[in-house]
1. Of the residues 245, 261, which single one is outside any loop (DSSP other than H, G, I, E, B) and either closer than 26 Å to residue 371 by Cα or not assigned by TED's automatic domain parsing to the domain that holds residue 370 (or both)?
2. Testing residue 274 on (1) crowded, with 18+ Cβ neighbours inside 10 Å; (2) free of Cβ contacts under 8 Å to residues at least 40 places away in the same chain, one condition comes back false. Which one is that?
3. Select, from 306, 314, the only residue that is under 28 Å from the mean Cα position of the chain (by Cα) and under 25 Å from residue 257 (Cα atoms).
4. Can you give me the number of residues within the range 222-237 that are within 12 Å of residue 38 (Cβ to Cβ) and at pLDDT below 95?
5. List every residue pair whose Cβ atoms lie under 8 Å apart, where the two residues are 6 or more positions apart in sequence or sit on different chains, the first residue falls within the range 15-37 and is under 18 Å from residue 48 (Cβ atoms), and the second residue, located anywhere, is modelled with pLDDT under 95 and in a strand (DSSP E or B).
6. How many residues, within the range 335-360, are free of Cβ contacts under 8 Å to residues at least 60 places away in the same chain and under 20 Å from residue 375 (Cβ atoms)?
7. Quick check on the range 140-159. Is at least one of its residues surrounded by 22 or more Cβ atoms within 10 Å (Cβ to Cβ), modelled with pLDDT of 95 or more, part of a helix (DSSP H, G or I) and touching a helix residue (DSSP H, G or I) at 6+ places or on another chain (Cβ under 9 Å)?
8. Could you please find all residues in the range 226-242 being out of contact with any helix residue (DSSP H, G or I) (no Cβ under 6 Å at 6 or more places or on another chain) and outside any strand (DSSP E or B)?
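The values are calculated or read from the model by the stated rules, or taken from the named source; none is laboratory data. Source: prediction; values computed, not measured. Every residue, glycine among them, receives a Cβ derived from its backbone with ideal geometry; neighbour counts consider all protein chains shown.
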């Protein structure tokens, strides 16, 4: 998809105006395409909670929260009270669940003041929420998290039973949801099933013994596509919303579109002779007369130093190798084989150009990490432009 260069985009807000030629493009139509594909995979009554935490996995949280709201999703998941407040200040009115545990418990008052739904993981959390509800004379909603094998936050199943009894006996608070999180949904269906079974036992206990009504949810992107039994009342897609694969061969289940492209421009070029050394440590030495180009992207932008001498970029639809070590603010590339290459040419770090494409998964493999980290690591100083 062709887009105007950033300096020509008329709709840039003041905070998005930039002079350094290094930006991320976020395609909202692809975001909606992915959301539609996920909806098609679900039963009609299954609700969706897009996980738009960590700046939407680096894609731009506020912009995509607005798109999720336009799509009419049931809720939005965030990782912190701060993120929830940002969304409220941006006029996001959709239900917002603060995933994970709130500490100290006095911060529950902050969450409630901004109409955020907190997660509770302990008896102490239930009692603190009850005290707050009495103090402000308002019935307060929350979700209870059950730790079925992640070992991160949440009440263990046995410990959850007296907590649920307390919840049922406390009219000042309202458990609108109960959830768990799968540890190996991408790789181990047997353990994932054990987690699901343990969770459903707690769900049944709450519903059968106390008549509690709430949404039960467990499925992240991997669990969503691996097994429809994981869907329950609501699903929590994250990485798949952004068009990135939650596990190997996920494309067999669904075709998604990457939402993010990361681009820059050539700001300097020089012709050098064979034997010329490039960047710190002199780790790249030309073996012929070459053309070396500089791009204003470095590890301070989240372009990982581990890509040095290993990664490629796209220039005029051709792959060009990174030449030498990536520095804090700049990277050099070898564009010798690109016919007609010129100052100001667009360079694609992540995304498509012509018939070639560089995916976040490719960069992740070089760095021995996951695609989540590649996009999350893109620095806030890199502007996000919605196209």
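1. On the way: 245 fails: outside any loop (DSSP other than H, G, I, E, B).
When all the criteria are applied, what remains is 261.
2. The one condition residue 274 does not meet is (1).
3. 314
4. Counting residues in the range 222-237 that are within 12 Å of residue 38 (Cβ to Cβ) and at pLDDT below 95 gives 2.
5. Sorted first by the residue in the range 15-37, then by its partner, the pairs are 28/386.
6. Going residue by residue through the range 335-360, those that are free of Cβ contacts under 8 Å to residues at least 60 places away in the same chain are 336-340, 353-358.
Those left that are additionally under 20 Å from residue 375 (Cβ atoms): 353, 356-358.
Residues flagged as free of Cβ contacts under 8 Å to residues at least 60 places away in the same chain and under 20 Å from residue 375 (Cβ atoms) within the range 335-360 amount to 4.
7. No; the residues of the range 140-159 include none that is surrounded by 22 or more Cβ atoms within 10 Å (Cβ to Cβ), modelled with pLDDT of 95 or more, part of a helix (DSSP H, G or I) and touching a helix residue (DSSP H, G or I) at 6+ places or on another chain (Cβ under 9 Å).
8. Step one: filter the range 226-242 for residues out of contact with any helix residue (DSSP H, G or I) (no Cβ under 6 Å at 6 or more places or on another chain), giving 226-229, 231-234, 236.
Answer for the range 226-242, where residues must be out of contact with any helix residue (DSSP H, G or I) (no Cβ under 6 Å at 6 or more places or on another chain) and outside any strand (DSSP E or B): 226, 227, 228, 229, 231, 232, 233, 236.
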